[in-house]
Amino acid sequence: MKNVKIIELLKAEDKKLLEISRKGLLSLTLAEMKAVKNYFKKKKRNPTDIELETIAQTWSEHCKHKTFRGIINYNGKKIDNLLKQTVIKATNQLNKPWCVSVFTDNAGIIKFDKENCVAFKVETHNHPSAIEPYGGAGTGTGGVIRDILGVGLGAKPIMNTDVFCFGPLDFPEEKMIEGTLHPGRIFKGVVAGVRDYGNRMGIPTANGAVIFDEGYASNPLVYCGTVGIMPNKDCFKKVKPGDFVVSLGGKTGRDGIHGATFSSIALDKDTEVSAVQIGNPIMEKKVQDALLQARDLGLYDAMTDCGAGGYSSAVGEMAEETGARIYLDRVPLKYPGLTPWEIWVSEAQERMVFAVPPAKLTEIMKIFERENVEAVVIGEFSGTGRLELFFGKERLADLDMKFIHDGGPRFELTAVWKDKNFPAPDFLCPLDLGNSLEKILSDLSVASKEWIIRQYDHEVQGGSVIKPLQGVTNDGPGDAAVTRPVLTSFKGVAIANGINPRYGLLDPYWMAASNIDEAVRNIIAVGGDPDKIAILDNFCWGSPNKPEELAGLVRASLACYDIAMAYGTPFISGKDSLNNEYADSKTGKKVAIPGTLLISSICIVEDIRSCVTMDFKKEGSLIYLVGETFNEMGGSVYLKNNGYTGNTVPKVNAVQAKKLFDRMFKAMQQGLVRACHDCSEGGLGVALAEMAFAGGLGANVYLDKVIKAPDLKRDDFILFSESNTRFVVEIEKKNSRKFETLFKNFAAANIGTINGERLIVHGEDGRVILSEDINKLKEAWQRPLRNP
Amino acid sequence: MKKKVKVIVIRTAGTNCDYETVTAFKLCGAEVDLVHINRLLEKEINVMDYQILAIPGGFSYGDDVASGKILANEIQYRLMESISKYVAAKRLIIGICNGFQVLVKTGLLPGIDGIDKKEYTTLFNNDSGKFEDRWVHLKSTSKKCVFTKGIKNLSYLPVAHGEGKFLTLDKKILDFIKNNDMVVFKYVNANGGRAVYPENPNGSVEAIAGICNPGGNILGMMPHPERFVNRYTHPRWTRVTLPEEGDGLALFRNAVEFAKKNL
């Protein structure tokens, strides 16, 4: 055979099978290689290289989620398909009528208004961003945008969100592992990559977060999310046998070969850069312009994007029921010299695959041509249930679709959870908490991200209602972002996120619970309806083959189910990125990230005119703290700054929390709330400071008024505890009685008044324990990342 | 019956402020066509069927070569015949952000020679060295510009660009622009006084944010009026009293009203 190599599998023993997998960068286990061998035994022939590549790509952890769908023995209890037992189960049981398409397509879809739906997807691009930050982050953005372009019959992107986890910017050089890039370089490259792709696509990047922690020094995390809007009728797709396979957009090159399989193994100093893709946002914008026109004219039956695994994945998914014949010699190439399997699995960017009925081919090709974007017929959906690949007349592959999709053995894994125990904090409450507050405000994870936000065009498309920067000088930190996708309507879309890996050091269960709480309360804080919130899960973890790591993943998933059920927030989409490890060539040890879960939230806002921002508005208004404060210092920034991790991780009283969210929404709807900010990192102290300097107004606050648990006695702990489900709220005096009536049976108390230009906090005994000029606090918050 | 004013909004690969620009003109009662440059190049559509032409913001052709350059070349070398006629008929053109960059590269602005023989002005990298999205105060300074007629108060609009520093070839050009009432917008501070960074977000010479041609019918500006046509995109609408209408809408209305009466 001219264009493929035959791989000798039938005669291969176990050792040889593993060697084939490892040398070919296939990332298949022995059990999987054996299943492949058996399949070909029945076919009485050896596989070709392109057949093996197809199977490896389809079965990759990245595409198949083998851990989540496998069988896990968790502390002696068997969990059959973690995803179905937790995340998906919550969605099914909640069964919200406004969920249109969940966990089946490229993104989750919910109803927006009578005519439209919105889709939301968040992806990770961690390994590529570690090796080549600018390109990795850019194509991460481009990739998730294509997920939205390729959901149903196509959605128009309306908003981006980006969440990053990096090592500290001052990470000492001597601690760096050979082959890694310094966190400072990764940080700048990633921001620039996201900026250039998002800005050029004309999508506002209006929400995000950045976490700095040593745990990410060799494995940065880059989460990219996109929201899109689409007509109701375009939410579903169905390939018909006989449809042409049309490839639209970029040419195919050698970039991004093995992206899908390489994301499933640990990085080391020898990792190939060719696994990183190269982005071209303007090509993608052309693809968007062209495909939305073709969509509106109804010129195709189905469509999807080429993401991880390239054509192999896109065609493989679309042809799952029909089968397909593909002629790889027809694929336009960037340069000659690619072997057929490289063409097939290349992750060259900005490509979409369409299923076009023969009768509509001329018309759709004309539209593509008029938009100056290349389109080629590369085959047809056959109806045979087989995947057949050709190069000219030579047949390179002939596989059963059923085997490709369902032929892999299931993973069986063991998870063992051990309770964590850190040293108890042993230091006295300082007499003056001003320095402590400033130090928290200067923590990179808390500090102002204005330097990043301003480089993103967060206002393009003209619908930006609640912006990421708020307040009297447009620089306070907003909670959720709200946009109006249809400029003639007052309906809006709010998005937010929750992430706090430090809680996971103590217990991933409560980390997940806290993250969901944070993602939801951010939406509540701007006036979102708690009954219209959907959430997304994005797990980034170390190796699932380590029982303790896997146990963390299980615990986080269990919380996802429990809390989502109590909050009534269905998961509509999710993703996991495992094996975030870096192999240190000197010690031979693999360094893993702290188990990290990002929860993203989305909510349809009925009328954006009732939205609220976080900046203090008016001298003389009353300040209320809504929600109870507990002795929950574990994982807090305050303890970290004092050299401790602590043990009392913030928990969630989910049933009570849902009631409180409902009540907050009522108060917002009645127009009682002038400003609202949630308490997260740094607790009450940071929330007050941010509201004060964002509004240019000081406050007088009394900690003895705070509703708190009996064992919470220290002033510093009251001020900096990170208990969940809490809001600081500004109520004008004239509305205070109404507000108090509304919250009669809830933990809500007037803790102070807005006045002057200082933040003054009185301790439990009435003594002033903090008195700071708000501009000084603001400076502490802005300085660290003003010019990083 | 009053005739409907027709607006053509030109787009190409990398255009991205088209939806809000179209919406702004529609709010003022115009009939708007969003047209790919290819339709004009292939003569399927004639600009003379329109009274107002808009080039919106974005990154046309990825700003390859230089920002706005490739689209400018297409207009200059393949469309100038009809555009010259259009301009001679005193019809209106507005270029916003990337559209402004296109207008200076085609020679339609400043338009000292009618259609300029060379690039008298340019929009250079921001002094800050990076793309920035922020709101700026603007003083409307031209009596002749059709788009800003009657705007007396300071306008508050967002800029979002990496290359917006307005520069002239030499002092003579700058003087010509000033002496002929062609400075349309200047960046100022909140009180209308001299702007320093970030009030002047890019370091433009004499804080110039927008200029028109000597005839006052062609406007180019870096700030985005289409992003502030109602109060809910103002960054502080939750804390200050504002009229329902945003500061940017006046520009679009002036153009449509002028076209209704005169074109």
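Too long at a 25 Å Cα-Cα cut-off: which of A:Lys64/A:Lys467; A:Lys237/A:Lys402; A:Lys5/A:Lys43; A:Lys43/A:Lys393; A:Lys34/A:Lys269?
A:Lys64/A:Lys467; A:Lys34/A:Lys269, as the Cα separations exceed 25 Å there.
Would you work out if region A:194-335 is rounded, prolate or oblate? Take a ≥ b ≥ c from the square roots of the eigenvalues of the alpha-carbon gyration tensor; rounded if a/c is under 1.5, else prolate when a/b is larger than b/c, oblate otherwise.
Cα axes put region A:194-335 in the oblate bin.
How about A:Lys713: which lysines have a C-alpha closer than 21 Å to its C-alpha, ignoring those fewer than 8 places off in the same chain?
A:Lys640, A:Lys651, A:Lys705
Please say if region B:214-255 is rounded, prolate or oblate, where rounded means a/c under 1.5 for a ≥ b ≥ c the square roots of the C-alpha gyration tensor eigenvalues, and otherwise the choice is prolate for a/b larger than b/c and oblate otherwise?
Because a/c hits 1.5 or more and a/b exceeds b/c, region B:214-255 counts as prolate.
On average over all directions, what projected area in square nanometres does chain A have, based on the convex hull of its Cα atoms?
32.1 nm²
For B:Val229, what charge total do you get from the other residues with a beta carbon under 11 Å from its beta carbon, if Lys and Arg give +1 and Asp and Glu give -1?
Within the 11 Å Cβ shell, the charges total -1.
Sort out for me the Cα centre separation of region A:469-525 from region A:100-117, rounded to whole Å.
20 Å
Between rounded, prolate and oblate, where does region A:689-768 land on the alpha carbon gyration tensor, with a ≥ b ≥ c its root eigenvalues, rounded for a/c under 1.5, else prolate if a/b exceeds b/c?
It comes out oblate by the Cα gyration axes.
Order A:721-731, A:582-592 from most to least packed using the mean count of other Cβ atoms within 10 Å.
Result, highest mean first: A:721-731, A:582-592.
At 222 nm, what value in deg cm²/dmol follows for chain A if DSSP H runs of at least 4 each add -39500 (n - 2.57) and the sum is divided by all its residues, to the nearest 500? Working shown, then result.
Values: 27 runs with 261 residues, N = 788.
When only DSSP H runs of four or more count, the value is -9500 deg cm²/dmol.
Show which lysines lie in cross-link reach of B:Lys152 when reach means a straight Cα distance below 23 angstrom and same-chain residues fewer than eight apart are skipped.
B:Lys139, B:Lys143, B:Lys144, B:Lys178, B:Lys186, B:Lys260, B:Lys261
Give the Kirkwood hydrodynamic radius (Å, one decimal) of region A:417-520, defined as one over the mean of 1/r across all pairs of different Cα atoms.
17.2 Å
What FRET efficiency comes out for A:Lys44 versus A:Asp80 if R0 is 41 angstrom and r is the Cβ-Cβ distance? Round to the nearest 0.05.
For A:Lys44 and A:Asp80, the calculated efficiency is 0.75.
In straight Cα distance, which aspartates and glutamates are under 16 Å from A:Lys658, not counting same-chain residues fewer than 8 positions off?
Partners within reach: A:Asp517, A:Glu518, A:Asp529, A:Asp531, A:Asp562, A:Glu628, A:Asp678.
Within the set of other residues whose C-beta is less than 14 Å from the C-beta of A:Gly337, count the net charge using Lys and Arg as +1 and Asp and Glu as -1.
0
Students often get this wrong, so check it: of A:Lys285/B:Lys69; A:Lys111/A:Lys286; A:Lys188/A:Lys778; A:Lys666/A:Lys778, which have C-alpha atoms separated by over 29 Å? Mind dumping the intermediate values first?
Numbers: A:Lys285/B:Lys69 18 Å; A:Lys111/A:Lys286 27 Å; A:Lys188/A:Lys778 23 Å; A:Lys666/A:Lys778 32 Å.
Those over the limit are A:Lys666/A:Lys778.
Compute the FRET efficiency between B:Asp127 and A:Lys2 as 1/(1 + (r/R0)^6), taking r as their Cβ-Cβ distance and R0 = 56 Å, and round to the nearest 0.05. Before the final figure, lay out the partial values.
Details: r = 59 Å, r/R0 = 1.06.
Approximately 0.40, to the nearest 0.05.
Starting from the Cα-Cα distance between A:Asp400 and A:Asp296, subtract it from 0.36 nm times their residue separation and give me the gain in nm to one decimal.
34.0 nm
Tell me which cysteines of chain B come out unpaired when the rule is another cysteine's Cβ under 4.7 Å.
Within chain B, the cysteines lacking a partner Cβ under 4.7 Å are B:Cys17, B:Cys28, B:Cys97.
Could you tell me the largest-minus-smallest coordinate of the C-alpha atoms of region B:6-260 on each of the three principal axes, in descending order and whole angstroms?
Computed over region B:6-260, the largest-to-smallest principal extents equal 50, 41, 33 Å.
Tell me the net charge near A:Asn641. Cut-off is 10 Å between Cβ atoms, A:Asn641 excluded, with +1 for each Lys or Arg and -1 for each Asp or Glu. Intermediate results must be reported in sequence, preceding the final value.
Working: positive: A:Lys439, A:Lys640; negative: A:Asp443.
For residues surrounding A:Asn641, the net value is +1.
Laboratory data are not the source of any read-out in this text; all were calculated from the coordinates shown. Quantities reported herein were computed from a predicted structural model and do not represent experimental measurements. Neighbour counts are summed over all protein chains in view; Cβ atoms, including those assigned to glycine, are modelled from backbone coordinates with ideal geometry.
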